[in-house]
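The structure appears right after this line, and notes come after that.
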Amino acid sequence: MSARLFVALELPAAVRTQLAEFGRAAAERDDALRAVAEDALHLTLAFLGHRPEEEIEPARAAVRAAALVLPALALGEPLWLAPRRPQVLTVALEDADGTLASLRAGVVDGLAAALDWEPEARAFRPHITVARVRRGARPRTRDLPDAPKASFAGDAVVLYRSYLVAGPARYEALERVSAAGS
């Protein structure tokens, strides 16, 4: 059997609430959008995809072994991905001191060493998905509500198992490591 896995930075509850409100407000203005639930908001650091279940333990160990330092982050501007044919509405994250990039590199390097896994080649673009475009719909990319503003540090790095079910995916935390100083 296989498990669909990813590693993410957990966000503070107050930031998730602000982002969820923004996603809901955008979806209320545009029927093409479906807001992401507050408890599903996170910053993906590494998407592993479907992996053999026996790789869960080595992935957990890699997450535990990463040197975790709280990144200093700020919410940025709304960002449509992919820009030419939007599939998701996101909010960009600003990595004030480069700590997020270092954290991500440590996590990715640890996973690559522990598993037979190749990280994505494209550049890391930190963002949080707040709404998804409904299948076959075209969103109005203008007239968005004001994006939330916040500066914060992440809470923890989490290895998640994702279950694709009818409706939104369901996430199960398999390993949660609090960052240094939290």
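The values are calculated or read from the model by the stated rules, or taken from the named source; none is laboratory data. Since the structure is predicted, the reported quantities are computational estimates derived from the model, not experimental observations. Cβ atoms come from the backbone with ideal geometry, glycine included; neighbour counts cover every protein chain shown. Accessible surface is based on the protein model in full, side chains and every heavy atom, while ligands, DNA and RNA are left aside. Shrake-Rupley method; radii C 1.70, N 1.55, O 1.52, S 1.80 Å.
For the reader, a short list of remarks on this structure follows.
- A search for C-beta distances below 8 Å between a residue of the range 87-113 that is closer than 22 Å to A59 by Cβ and any residue that is in a strand (DSSP E or B) and open to solvent by 20 Å² or more (accessible area, probe 1.4 Å), counting only pairs 6+ apart in sequence or on different chains, returns A101/D95; S102/V69; L103/V69.
Rundown of residues vs (1) buried (at least 20 other Cβ atoms within 10 Å of the Cβ); (2) more than 14 Å from R140 (Cα to Cα), yes/no style:
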| site | (1), (2) |
| --- | --- |
| P83 | no, no |
| D97 | no, yes |
| L100 | yes, yes |
| L103 | yes, yes |
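To keep it simple, each residue is scored yes or no on (1) under 15 Å from the mean Cα position of the chain (by Cα); (2) over 18 Å from P145 (Cα atoms).
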| residue | (1), (2) |
| --- | --- |
| F6 | yes, yes |
| E10 | yes, yes |
| V15 | yes, no |
| E21 | no, no |
| L33 | no, no |
| H42 | yes, yes |
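- The set of residues in the range 139-177 that are among the aromatic types (F, W, Y) and open to solvent by 40 Å² or more (accessible area, probe 1.4 Å) comprises Y163, Y171.
- Subset of the range 53-78 (residues that are surrounded by fewer than 19 Cβ atoms within 10 Å (Cβ to Cβ), modelled with pLDDT under 95 and either under 14 Å from the mean Cα position of the chain (by Cα) or of a type outside the set (D, E, K, R) (or both)): A65, A67, V69, A72
- Scanning the range 33-58 for residues that are part of a helix (DSSP H, G or I) and closer than 30 Å to R138 by Cβ gives E38, D39, A40.
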